[in-house]
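Okay, structure first, notes after.
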Amino acid sequence: MFWDNHMHSNFSGDSDAAPIDMINSAKAKGLLGITFTDHIDIDYPKEYGFFDLDLDNYYISQHALALEQSTEDFTILTGLEVGLQPHIAKKCQAVVNQFPYDFIIGSTHIVDRLDPYFDDFWQQGSEKDALDRYYACILENINAFTDFDSLGHLDYAFRYAKTPDIKNNTHTPYFDIIDAILSQIIKLDKALEINTAALRKGMKNPNPAASIIKRYHELGGKLITIGADAHTPEDVGADFNILPDLLSSCGFTEYAVYKKRKPVLYPLG
Ligand SMILES: [Zn+2]
Ligand SMILES: [Zn+2]
C-alpha cells in the first residue's frame, strides 16, 4: 500500500491534468494518499518555456481541495517541487517560507542554464562530461540550499542521454561525486526520492538506480520517499509494483511520507 508523493497538475507548466482527476485516479488505484508537488523553477531559461507558479492560487486552492477530498482512507497533502540553481537559493527559501507546505522536493532541472531535456545540453561535448557536470551541479545546489525534504530524481538527466549504455549506467563512472551527494543529504537528514518516471522514459531502473539506493543505505541513509512524477492521471502510482522487492534488496523496509515537513514512516508492503 503506497502513497504517491510526487505529482503535477495543471498548475505546472508541463501538465494539463485537473487536480481532481489526479485525486480520482489515485483513489481508484487504491493508494493511501498523494502529495501534489507542482513545479516552481525560478529563473528557468525563457527560451525553453514557462515554469513559474502562481503560489498564492496554488497553495490556497490545492489546500482547499485537499481538505474537501481527503477521507478516512485517503489523504491529500500539498507540497512543491522546487527547481534548484545555486544563484537562486535565497528566492527558493522565500518560496518555501510563504506557505505551510507538507513536503518540499529539491530537484535539479537546469545545469549551467541548460536543460538536459533539450539537445543543446548534450551538444556541448561528450555525454560523460555533461553528466559529470550534472552531478557536480546537484552537489552545488544542495550546498547552496538546504530547506528541502527529499532530493528529487537524482540521476534524472540520464533519462535524456543519447547512448543506451550511458543512459543505464548512472552510478559506477560517477561513484565519488554520488558518494559526496549521498553523504551530504545524510548529513542534512534529508530523504532520497525514488522516482519511477525513469521507467516510462526508457530507463531500466527508477531514478536513482538500485545500486545508488543501495549505496545510500550503506552510507547510513534511512529516509526514502516515493513518487511516480505523474503529469497525467494514468501515470499516478505507475510502476510501484516493482518497488517492494527492489527497495528491500537495497536494505529498506519503510518509506517516508512528509506531513507538515516531518517524516512519517510506512511499511514497504
Ligand atoms: Zn523534476
Ligand atoms: Zn516532477
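The values are calculated or read from the model by the stated rules, or taken from the named source; none is laboratory data. Please read all numbers here as calculations on a predicted model, not as lab measurements. Note that we place each Cβ from the backbone using ideal geometry, even for glycine, and neighbour counts take in every protein chain shown.
Tabulated data for the structure shown
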read-out: Segment 61-83, subset part of a loop (DSSP other than H, G, I, E, B) and either within 15 Å of ligand 2 (Cβ to nearest atom) or acidic (Asp, Glu) (or both), residue surrounded by the most Cβ atoms within 10 Å (Cβ to Cβ); value: ASP73
read-out: Qualifying helices (runs of 4 or more DSSP H) (wholly inside segment 84-148; at least 1 residues being within 16 Å of ligand 2 (Cβ to nearest atom) and free of Cβ contacts under 8 Å to residues at least 12 places away in the same chain); value: none
read-out: Residues located in segment 197-207, provided they are more than 13 Å from ligand 1 (Cβ to nearest atom) and among the aliphatic types (A, V, I, L, M); value: LEU199, MET203
read-out: Matching option when the condition is within 16 Å of ligand 1 (Cβ to nearest atom) and within 19 Å of the chain's Cα centre (by Cα), among GLY33, GLY49, GLY79; value: GLY79
read-out: Meets criteria (of a type in the set (A, V, I, L, M), closer than 29 Å to VAL264 by Cα, within 16 Å of ligand 1 (Cβ to nearest atom) and surrounded by 22 or more Cβ atoms within 10 Å (Cβ to Cβ)) for ILE194; value: yes
read-out: Segment 200-240, residues that are crowded, with 16+ Cβ neighbours inside 10 Å and modelled with pLDDT under 95; value: MET203, ASN205
read-out: Residue check, ASN24 in contact with an Asp or Glu (Cβ under 7 Å, 6 or more places away or on another chain) and surrounded by fewer than 23 Cβ atoms within 10 Å (Cβ to Cβ); value: no
read-out: Condition check for TYR58: within 16 Å of ligand 2 (Cβ to nearest atom), under 20 Å from the mean Cα position of the chain (by Cα), assigned to a helix (DSSP H, G or I) and in contact (Cβ under 8 Å) with a residue 40 or more places away in the chain; value: yes
read-out: Residue count, segment 26-55 (criterion: closer than 16 Å to THR232 by Cα and within 16 Å of ligand 2 (Cβ to nearest atom)); value: 7
